[in-house]
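Structure first, then comments.
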Amino acid sequence: MSSLRLSGRLALLAIAVAGLSAMPAWCAGHGAGASGSHSIHAGAVAVTVERNGAFTVADTATGMKLTGRMPEGAGAARVTSGDDGIGAYRQIAVTASGRVAAIRVYGKRESVMFVDERRDGGANADPFPTFAIAPGNLERFSYDVSAFAPIAFGKLDSQGPWVFFDGGMHTMVVSPADNYLVADMQKNAQGEMESGIDASIQKLPAGFTHRTLLVFGTGIGQTLDRWGKDLQMLNHKPPVANDADVVLKKYGYWTDHGAFYYYKYDPKLGYEGTLLAVRDQMRKLGVAPGYMQLDSWWYPKAQPNSPGGDNGAIVYRADKKIFPDGLDSFHQRLGLPLVTHARWFAEESPYRKEYRMSRNVIIDPRYWKATAEYLKKGGVAVYEQDWLDSNARPAINIVQAHAFLAEMAHSMAREGLAIQYCMALPGYFMASTQFPNLETIRVSDDRFLPARYDNFLYTGALAHAVGLWPWSDVFMSTELSNLVAATLSAGPVGTGDALGQIDAANLKRTMRADSVLLKPDVPLRPLDSMYAADEAAAQGGKKIPMVAMTKTYFGKATETYVFSYPRAAGETAPEVPLTELGVHGSAYAWNWQTQKGEMIAAGGEVPLQYQEKWGYEVVAPVNRAGIALLGDVSKIVPLARKRFTSVTDAGSMEFTMAFARGEKAVTVTGYAARKPEVQAVQGSV
């Protein structure tokens, strides 16, 4: 570690640093009113249930509300209290024909839970809640029930979440809060909105409970995050750090669809020899991968054994034609942790006679226990379940759908393996909040490239909201814009180059010498204004350039990273107000591509520029001493936490840096009006 202290003012600074290796608050108004109505209030949220079963949920902070009715045959309402994962709550509950329906509010949180408990079981009918929203002219979007859950502007798809917002970015999010893979949200024949269970499930068992979460807020991204945090709290999932597993912590080499060695290898070396040669070449170039991914080619499949979509696995073990001595032997020779891909099981798989199945996937805990133990012995650190949208999707069945995910997660957790989902539907994103070792998820189609950026950003925001880190998918190291976008995602970064085609200089921009990724604290996500612009475009308007941002949080020294690209021919780069980036004082904007910067006065705008059809600006706040710390601008993320372990700003600025073995010095760049005083507390400067 090395520490520096800066004070005074400077013009343009470049320094070479040598390294040494609450309790809830309830408002009045609970209980029955003179008309027989019941109401509860929590912060800005008020819930009222009338004697006739009509209910209203209103939020004074946003001006939004839901209106609807309690289930048919509801008896007298009562106000009770309790506690769940989100926190202490008050609720209005009614009993109706062997079921209990309740509406909960939580302290000062702008969160509401609808609970439908079927004590006696019975027909899957009369879903609760059934509701309408107001104002009626709100903009809206959801996520398609298709692979990688792409955003759907102007559409309310069946799994949720549904997001409504107005011109002031007042926002409302509605989604299932459990039974995620069999939940169903739709408009009924009367035009009302409903949240319940898939109609293909005709009967619900006794004791079955379904919950629906409603969250109000200001700011689309912020409200999505609060909604997702509620789901994580409800399911007791702790936060996943962005270095929680080797895929998140280090740069890796991938062999999936889009990689050079996807179902292909050097015939002189064989598959094993080719991958060992890749490792050796990358080490010589100073960009050693921290792990290696093995895609669907590594296990035997139904004939033909090709990358096509119609050949499930026979067994989930190493193909002896590829790894004659087994997975463990290859891992020992490679000396790196592995990520292993999985499909579904073919009709001729012997597993179908040995284990309990749900369509093409196994729900038997014996299989998952044996598989997790096999993978652990073979050096696997992360298990990747692919094809979740179709061939590896379990049956629409309350028990089986959950069992598939739960048995997978629990068995892998016992062996210390993390999980990644691929081709997931929106329900899987929400279901991830039930499993602590589910840490990453693919958010765009195979082979990362600029055409995927929009989905990557919007679905990445959904992933972040529910506590997952987004994975862009593989690309080549020569593709700088892809490398920048993937690094700014704060999730995995991996390439799939051929031998002799590795751009080591580019790769060094994303990591330390020990392959540790230098990333921001949160994923790159569209500005709130982009949601409004793209909703308008979906209704026939014109698309504007995409602007997305992420940050590294160091209190007053928090740094902002702005990524932008045109989406139509001839578009020029926009100017972005500092306030829209969350920067409220003056700032120094550094164009990462041109390595030039300029001062931006408080309340001003950052002028973006496009080089090679994309632009990237680093925005650092200027403190009261006139200093702006940019960091190591040779890296994609100059002020990454794995390099700058601490930054404090009290007029003078002090920071501590971490060095990997073999790193001798790092140049730190900043801005101020005149030369600063620089002191090395440790190390030298």
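The values are calculated or read from the model by the stated rules, or taken from the named source; none is laboratory data. No experiment lies behind these values; they were computed from the predicted model shown. Cβ placement follows ideal geometry from the backbone for every residue including glycine, while neighbour counts extend to all protein chains displayed. What goes into the accessible areas is simple: the full protein's heavy atoms, side chains included, and nothing from ligands, DNA or RNA. Shrake-Rupley method; radii C 1.70, N 1.55, O 1.52, S 1.80 Å.
Hey, got the dipole for region 141-210? About the Cα centre, +1 on K and R Cβ, -1 on D and E Cβ, debye to the nearest 20? List each step's numbers first, then the result.
Details: 3 positive and 8 negative charges, 12 e Å.
Taking the Cα centre of region 141-210 as origin, the dipole is about 60 debye.
Taking a ≥ b ≥ c as the square roots of the Cα gyration tensor eigenvalues, region 613-675 comes out oblate, since a/c reaches at least 1.5 and a/b does not exceed b/c. Other residues within the sphere of radius under 10 Å centred on the Cβ of N397, judged by their own Cβ, net out at 0 (K and R +1, D and E -1).
Around N591, under 9 Å between beta carbons, what's the net of Lys plus Arg minus Asp minus Glu among the other residues?
Values: positive: K596; negative: E598, E617.
Net charge in that neighbourhood comes out at -1.
Rolling a 1.4 Å probe across the protein heavy atoms gives region 480-580 an accessible surface of 31 Å² per residue.
Summing Lys, Arg as +1 and Asp, Glu as -1, what charge do residues with Cβ under 15 Å from the Cβ of D178 carry, D178 excluded?
Numbers: positive: R104, R118, R211, K237; negative: D84, D116, E117, D184, D198, D230.
Net charge around D178: -2.
Each residue of region 519-532 is assigned a 3J(HN,Hα), and the resulting list reads 10, x, 7, 9, x, 5, 9, x, 4, 4, 5, 5, 4, 5 Hz, derived from the Karplus form 6.51 cos²θ - 1.76 cosθ + 1.60 (θ = phi - 60°), x at Gly and Pro.
Shape of region 96-139 from the C-alpha gyration tensor: oblate (a/c of 1.5 or more and a/b not above b/c, with a ≥ b ≥ c the square roots of its eigenvalues). Under the convention that each Lys and Arg Cβ holds +1 and each Asp and Glu Cβ holds -1, the size of the dipole of region 165-283 around its Cα centre is about 360 debye.
In the chain, the DSSP beta bridges split such that about 85 percent are antiparallel, to the nearest 5. Selection among Q202, G491, Q222 by position relative to the dipole of the chain gives G491 as farthest towards the positive end (Cβ unit charges, Cα centre).
Dipole magnitude of region 291-413 about its Cα centre, charges +1 at Lys/Arg Cβ and -1 at Asp/Glu Cβ only, in debye to the nearest 20?
Numbers: 15 positive and 14 negative charges, 53 e Å.
The calculated dipole for region 291-413 is roughly 260 debye.
Counting protein heavy atoms only, the chain has 50 percent of its accessible area on carbon and sulfur, 1.4 angstrom probe. When Rg and the Kirkwood Rh are both derived from Cα coordinates, the Rg/Rh ratio for region 514-633 amounts to 0.99. Each residue of region 396-408 was assigned a 3J(HN,Hα) from its phi angle through the Karplus expression (A = 6.51, B = -1.76, C = 1.60, θ = phi - 60°), giving 6, 8, 4, 7, 5, 4, 6, 4, 4, 6, 5, 5, 4 Hz with x at Gly and Pro. Positive end of the dipole of the chain (Cβ unit charges, origin at the Cα centre): among G626, I441, P300, the Cα lying farthest that way belongs to G626.
Please state the shape class of region 293-338: rounded when a/c is under 1.5, otherwise prolate if a/b exceeds b/c and oblate if not, all from the C-alpha gyration tensor. Prolate, because a/c is 1.5 or more and a/b exceeds b/c. Computed on the Cα atoms alone, the convex hull of the chain gives a volume of 164 cubic angstrom per residue. Here the 3J(HN,Hα) profile of region 194-204, calculated from phi with Karplus coefficients 6.51, -1.76 and 1.60 at θ = phi - 60°, is 9, 10, x, 10, 3, 5, 5, 8, 7, 10, 10 Hz, Gly and Pro shown as x.
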